[in-house]
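Here is the structure we will look at.
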Amino acid sequence: MRPLPFREVVVAPESVRRALTQMLTRPSPPQSLLVVGMAGVGKRTLARSLAAAWLCPQRTPDGHCGACPVCQKWSDAGEHPDLRILRPDPDQIKIDAVRGVRQWAVFAPTVAPVRFVLLEEAHLLNPAAANALLKTLEEPPPRYHFLLTAPASDLLLQTILSRCRIVRLGALPTAQVAAHLQARCPLPEATVQAIAAFSDGALGRAIRWAEALQGSDNAPRELDALQALLGVFARLGQASLEDALRLAHEFREACKALEGGSPSRSARAALALGLEYLVQWYRDALAMQYPDAPLRFEAHRDALRQLAQRFAAPERTHDLQAIIQARRAILGNANPQLVTENLFVRLLTVA
Ligand SMILES: [Zn+2]
């Protein structure tokens, strides 16, 4: 895919967008820039867009011009003669790839004033490759610049970090994710809200779910599981104490389905994730006392109001603590059935 012009890239927070816009107005790009952010937040899209902007001699704060001889060299596949992209193959970046870059770097740029090397998932450089890269960063060939992406900066060698300017992408507010989805995917409002609420502010992830939904009659399994979770949470406002064990069971079943969402997710991690969503649910229930507070689960305002009306605020605060403790116990070695049953009994006990 061709790179997006910078103005079309969704960048949060706003302070990062301003800093990058400023960098684009300077005569030359930073020597090495690291883009950090969680999966699905748009690191790759941003890095490509920045590379395109800095290669373009006619760039503006909006990004590359798209028309000059340099911009015309972009292929539909997103390749450019003055850009080299390294990415894990399949699960690490090896030294041969870095050596290849060093051989490439003896040549002057083909059409652009500079050349860029983009290292995607730079935390997956193996140790030998990381050391080779470090040498290159320490003595960069003239007119060569580096862009790196990683989920977190502390996954990289300190020596590499110290050579990079770091840009940290953050989560988008739920309402903004929903607005972006609405603009690009014709899906029912309730579905858009559910995806936005579960996206953790990662627009890329939200778009992937939305596109998967459009392409088939079956919701992605993970989204199904999340909807089931919300169904359990929504009943906490009216269920009676006798329902506690059944709700705990349904909660565990929904988490089981969540487990399939990521190949490396264990049963315990899936339960912990389910409890994190429950924490969010109770945070929303607490926020109900402020009429204009933004809610993560906006589409479930009625169910949240029920919960808020049934349990007084101090009680909900204690329940929130209990959920956090339960999550900790699950990640320790506690018995999942026991922990969740105790938790739901507690959540349904009216003081
Ligand atoms: Zn251009």
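In the chain, the longest principal axis of the Cα atoms and the axis of helix 189-198 are about 80 degrees apart. Quick one: pull the percent of accessible area on segment 8-133 belonging to carbon and sulfur, 1.4 Å probe, ligands and nucleic acids left out. That share works out to 52 percent.
Restricting attention to the chain, close to 5% of DSSP beta bridges with both partner residues there are antiparallel.
Taking N as the residue count of segment 43-87, its C-alpha radius of gyration divided by 2.2 N^0.38 Å amounts to 1.07. Gain on full extension, evaluated as 0.36 nm per residue between Arg310 and Asp62 minus their Cα-Cα distance, stands at 84.2 nm. Given R0 = 25 Å, the distance between the Cβ atoms of Gln227 and Arg168 translates into a calculated FRET efficiency of 0.20. Placing pseudo-labels 7 Å out from each Cα toward the beta carbon at Gln182 and Glu276 gives an inter-label distance of 2.7 nm. Label-to-label distance, Asp91 versus Arg283, with points set 7 angstrom from Cα along the beta-carbon direction: 3.2 nm.
Largest first, the residues Asp292, Asp62 sort by 1.4 Å accessible area into Asp292, Asp62. Listed by chain and number, the aspartates and glutamates whose C-alpha is less than 13 Å from the C-alpha of Lys94, apart from same-chain residues fewer than 8 away, are Glu120, Glu121. Here the chain is treated with +1 on each Lys and Arg Cβ and -1 on each Asp and Glu Cβ, and its dipole about the Cα centre works out to around 1060 debye.
With a Förster radius of 45 Å applied to the C-beta separation of Thr317 and Thr21, the computed FRET efficiency comes to 0.60. With all protein chains kept in place, the per residue accessible area of the chain amounts to 48 square angstrom at a probe of 1.4 angstrom.
Between helix 43-55 and the chain there is an angle of about 20 degrees, using the helix long axis and the longest principal axis of the Cα atoms. Each label was represented as a point 7 Å from its Cα along the Cα-to-Cβ direction; for Ala190 and His249 these points are 2.6 nm apart. From its DSSP helices (H runs of at least four residues, each -39,500 (n - 2.57)), the chain gives a residue-normalised ellipticity at 222 nm of -16000 deg cm²/dmol. Compared with the dominant Cα axis of the chain, that is its longest principal axis, helix 127-138 is turned about 50°. Here the ratio of the Cα radius of gyration of segment 220-348 to 2.2 N^0.38 Å is 1.00.
The values are calculated or read from the model by the stated rules, or taken from the named source; none is laboratory data. Treat the numbers as computed from the prediction; the structure is a model and nothing was measured. Please note: Cβ atoms are built from the backbone with ideal geometry, for glycine as well, and neighbour counts cover all protein chains shown. We work out accessible area using only protein heavy atoms, side chains counted, and drop any ligands, DNA or RNA first. Shrake-Rupley method; radii C 1.70, N 1.55, O 1.52, S 1.80 Å.
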